[in-house]
Amino acid sequence: MIGFLATGMRGFPTVVLPGRRVFLRPPRPSDWRDWAAIREESRAFLTPWEPTWPPEALSRGLFLRRVRRQALEWREDEAYSFLVFRASDEAVMGGIGLSNLRRGVAQTASLGYWIGERFTRCGYMTEAVAAILGFAFADLRLHRVEAACLPQNEASRLLLLGSGFEQEGYARAYLKINGAWRDHLLFGLLREDYQQRRAIDRARR
């Protein structure tokens, strides 16, 4: 059962997803300074891969509006957003989430993520993806998780392939990234493939 920490008329989800060196938790208003600091520090690293940042991208007001919207999305079963923390010191390292969740005959969501530049190439996002996939398939009972990345983003492509996704297609002018419509590689992971991969990993231990 997904719980909520009551805050006035609204609530913030209390779920924590543990990993070996990371943990995932939904953002709270108190996370703003740490979130803004790592985003600002990594601005040049992140902006080529993201939608254009508005002038107030790192403001407290925009962050609080985003947090309130994300809490509503949790309650409405529309999207599930997390921050990624380093377990050793609770440093905010990045973000990850499941969005565009479709129930009914689809039972599908889209995976997205980002990580601060100084935390790259350490395997942290690999652990974060593993944690959120467990949540997606076990807790949310999804049938499929989709993802996309720019063809030039080799790190993201390898992350998805290493996490069990299969590259399924190529979409032209798929998303507007950094001010321009960009082609994307399309990936998918089915619940049964995820479960089979988990069983193989357990058998090897």
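Worth pointing out:
- Test result for residue 169, more than 16 Å from the chain's Cα centre (by Cα), free of Cβ contacts under 8 Å to residues at least 40 places away in the same chain and surrounded by fewer than 19 Cβ atoms within 10 Å (Cβ to Cβ): yes
- From the list 105, 84, 129, the one residue that fits, being among the hydrophobic types (A, V, I, L, M, F, W, C) and in contact with a helix residue (DSSP H, G or I) (Cβ under 6 Å, 6 or more places away or on another chain), is 84.
- Of the residues making up the stretch 112-125, at least one is out of contact with any helix residue (DSSP H, G or I) (no Cβ under 7 Å at 6 or more places or on another chain) and assigned to a strand (DSSP E or B).
- Extreme residue, least open to solvent (accessible area, probe 1.4 Å), among residues of the stretch 102-111 that are small (Gly, Ala, Ser) and within 25 Å of residue 20 (Cα to Cα): 109
- Any hit, the stretch 69-85, residues being hydroxyl-bearing (Ser, Thr, Tyr), surrounded by fewer than 17 Cβ atoms within 10 Å (Cβ to Cβ) and modelled with pLDDT of 95 or more: no
- Scope the stretch 138-197; condition out of contact with any strand residue (DSSP E or B) (no Cβ under 8 Å at 6 or more places or on another chain) and part of a loop (DSSP other than H, G, I, E, B); matching residues: 141, 152, 153, 178, 179
- Residue 140, sole failed condition from (1) of a type outside the set (Phe, Trp, Tyr); (2) closer than 25 Å to residue 20 by Cβ; (3) without any contact (Cβ under 8 Å) to a residue 40 or more places away in the chain: (3)
- Taken over the stretch 72-110, the residue count meeting the criterion of being closer than 14 Å to residue 25 by Cα and of a type in the set (Val, Ile, Thr) is 3.
- Against the test of being closer than 25 Å to residue 122 by Cβ, modelled with pLDDT of 95 or more, surrounded by 14 or more Cβ atoms within 10 Å (Cβ to Cβ) and among the small types (Gly, Ala, Ser), the options 44, 36 yield a single qualifying residue, 36.
- Selected residue [under 22 Å from residue 138 (Cβ atoms), open to solvent by 30 Å² or more (accessible area, probe 1.4 Å) and out of contact with any Pro (no Cβ under 6 Å at 6 or more places or on another chain)] from 99, 88, 30, 59: 99
- Within the stretch 68-126, tally of residues that are on the phi > 0 side of the Ramachandran plot and of a type in the set (Asp, Glu): 2
- The requirement of being in a helix (DSSP H, G or I) and under 20 Å from residue 163 (Cβ atoms) is fulfilled nowhere in the stretch 36-44; no residue meets it.
- The set of residues in the stretch 174-198 being among the small types (Gly, Ala, Ser) and surrounded by 14 or more Cβ atoms within 10 Å (Cβ to Cβ) consists of 188 alone.
The values are calculated or read from the model by the stated rules, or taken from the named source; none is laboratory data. Because the structure is predicted, anything quoted here is derived from the model rather than measured. Cβ sites come from the backbone with ideal geometry, for glycine too, and all protein chains shown count toward neighbours. Heavy atoms of the whole protein, side chains included, go into the accessibility calculation; ligands, DNA and RNA do not. Shrake-Rupley method; radii C 1.70, N 1.55, O 1.52, S 1.80 Å.
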